[in-house]
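Chemist: I am attaching a structure below and will ask some questions about it afterwards.
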Amino acid sequence: MEHLLARAGAHHLKLPLASKNPLVMRRNAAALIDIIRRHKIDIVHARSRAPAWSAWSAARATRRRFVTTFHNAYNIDLPLKHWYNSIMARGERVIAISQFVGEHAASVYGIGSERLRVIPRGVDLTAFGPDRVRGERVVALATNWRVPDDSKVIMLPGRLTRWKGGLDFIAAIARLGRRDLCCLLVGAEQHAPRA
């Protein structure tokens, strides 16, 4: 989607922000400090843990506002994991994508209501409204995906990763014991981030 950003007049800058390597994270923080100053950025928004550490460091160094978005109720079994995840609770404002995630963030990390905002993820129905899906498209997809005629379809859309509940979906369908269902897991593969 970089070409769409460029067409809209936005600048897209690439950094290896997915890396959990402490040296790479330190270099990313230094690069972000430069970017923040050069582009006169006022707010730094982190949406993932590894990038958040670099972004938090850069925001502190430049005295900019820091905001985070909690996308999950992250695993906290080990003390080091709890600490690593805690970066998402350090935003001046912390956005949670659901009430469940918000309650988790508040109870596990002590985020008060003055900083926590629940903003559910949604779908733009003007772009993805059911009335925009034509019958011929449904028939073509059903044919391409080999969906049997007259079967009931249950779909789990999302990245094909264990985090999105694909195994739970399969187990739930198996427990139903029905043969009249066609189940679809639709999404892109999860690729391991590169350092």
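Chemist: Only residues that are within 23 Å of Cys183 (Cβ to Cβ) and among the acidic types (Asp, Glu): list them for the stretch 113-170, please.
Modeler: Residues satisfying the conditions are Asp149, Asp150, Asp168.
Chemist: If you check Leu17 against the conditions, is it touching a helix residue (DSSP H, G or I) at 6+ places or on another chain (Cβ under 7 Å), over 21 Å from Gly122 (Cα atoms), surrounded by fewer than 15 Cβ atoms within 10 Å (Cβ to Cβ) and of a type in the set (A, V, I, L, M, F, W, C)? Full working, then the answer.
Modeler: Values: touching a helix residue (DSSP H, G or I) at 6+ places or on another chain (Cβ under 7 Å): yes; over 21 Å from Gly122 (Cα atoms): yes; surrounded by fewer than 15 Cβ atoms within 10 Å (Cβ to Cβ): no; of a type in the set (A, V, I, L, M, F, W, C): yes.
No: the conditions fail for Leu17.
Chemist: Here is a follow-up. When only residues in the stretch 22-52 that are of a type in the set (Gly, Ala, Ser) and either touching a strand residue (DSSP E or B) at 6+ places or on another chain (Cβ under 7 Å) or assigned to a helix (DSSP H, G or I) (or both) count, which is farthest from Trp83 (Cα to Cα)?
Modeler: Of everything passing the filter in the stretch 22-52, Ala31 is farthest from Trp83 (Cα to Cα).
Chemist: Only one of these is over 24 Å from Ile97 (Cβ atoms) and touching a Pro at 6+ places or on another chain (Cβ under 9 Å): Pro16, Pro22. Name it.
Modeler: Pro16
Every number here is computed from the coordinates shown, using simple stated rules; none is lab data. What you see is a predicted model; the values in this text were computed from it and never measured. Glycine also receives a Cβ, built like all others from the backbone with ideal geometry; neighbour counts cover every protein chain displayed.
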